[in-house]
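Structure, as structure tokens:
The values are calculated or read from the model by the stated rules, or taken from the named source; none is laboratory data. Since we're looking at a predicted model, the values are computed, not measured. Here the Cβ is made from the backbone with ideal geometry for all residues, glycine too, and neighbour counts use every protein chain on show.
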Amino acid sequence: MSSAVGRNIPMRCAQPTKTVLPALLAKLIAEAADALDCDKESTRDLLRQAVMLLQQDVNRGQSAAADSSAQSTLVPWKAKRVTDYINANLDQPLPLGELAELVRLSNSYFSRAFKRTFEKSPHAFIMCRRVERARQQMLTSREPLSQIAVACGFADQAHLARIFRREMGSAPSQWRRINQDDGITVKVVRANFGEKADSRVGQAASFA
């Protein structure tokens, strides 16, 4: 025959809030301790309920984390707005708050969503775009590296050199010289061999 403690056990527990859960668990465990000597069946039921509540709380936390992860990406129109703005303003400072404001997000949420979307932090993404812009300008203009650095948003030529070497594995001046020489070679070959230029360039490259 079950004791009074056992008869008062609720058979189903609604999912408690985070503020209520600790008190409810403490109550269940205390009642289980009281019933331990006189009613082992009630003790098992009380402990089973405590375990069930803990498992529900764990499942709820995992579900919330999964939902948060799925939501922490930029929808396509927001991603496009931000990248278009970055590309149009590479020569200007691009603080995190300014980018987040474009799409009406908090700095922390925007930073997390941006990284999940582009697999780079906003700062790393901007640096890569600046390096790419600098490469284009080095190949299509005769501007000195100091001017290209400022035009692409770097603090100075030394800043460009440091980031460029990290991303490309060589100094900007060296990269520019090698790639401009390659471009001149292609132009000369095309001028001399016409339609067969690309195949001849390919053959030359294969023996380099």
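Is one or more of the residues making up segment 122-138 among the basic types (Lys, Arg) and not in a helix (DSSP H, G or I)?
The answer is no; no qualifying residue exists.
Pairing residues of segment 84-101 that are surrounded by 13 or more Cβ atoms within 10 Å (Cβ to Cβ) with residues that are in a loop (DSSP other than H, G, I, E, B), at Cβ distances under 6 Å and at least 6 apart in sequence or on separate chains, gives Leu90/Cys152; Leu90/Gly153; Asp91/Gly153.
Close Cβ contacts (under 6 Å, 6 or more residues apart or on different chains) running from residues in segment 112-124 that are touching a residue at least 12 places away in the same chain (Cβ under 8 Å) to residues that are in a loop (DSSP other than H, G, I, E, B) and surrounded by fewer than 17 Cβ atoms within 10 Å (Cβ to Cβ) comprise Arg112/Ser72; Ala113/Ser72; Ala113/Thr73; Arg116/Ser72; Arg116/Thr73; Thr117/Thr73.
Only one of these is among the charged types (D, E, K, R), part of a helix (DSSP H, G or I) and in the same structural domain as Gln92 (by TED's automatic domain parsing): Arg142, Arg162. Name it. Quick ask: steps written out before the conclusion?
Working: Arg142 fails: part of a helix (DSSP H, G or I).
Arg162 is the lone residue from the list that is among the charged types (D, E, K, R), part of a helix (DSSP H, G or I) and in the same structural domain as Gln92 (by TED's automatic domain parsing).
Here is the figure for segment 83-121: residues that are over 10 Å from the mean Cα position of the chain (by Cα), small (Gly, Ala, Ser) and closer than 24 Å to Arg133 by Cα total 3. Looking at segment 102-115, which of its residues are surrounded by 14 or more Cβ atoms within 10 Å (Cβ to Cβ) and not in a loop (DSSP other than H, G, I, E, B)? Hits for segment 102-115 are Leu102, Asn107, Tyr109, Phe110, Ser111, Arg112, Ala113, Phe114, Lys115.
Note on segment 57-83: among residues that are part of a helix (DSSP H, G or I) and at pLDDT 75 or above, the one that is surrounded by the most Cβ atoms within 10 Å (Cβ to Cβ) is Val82.
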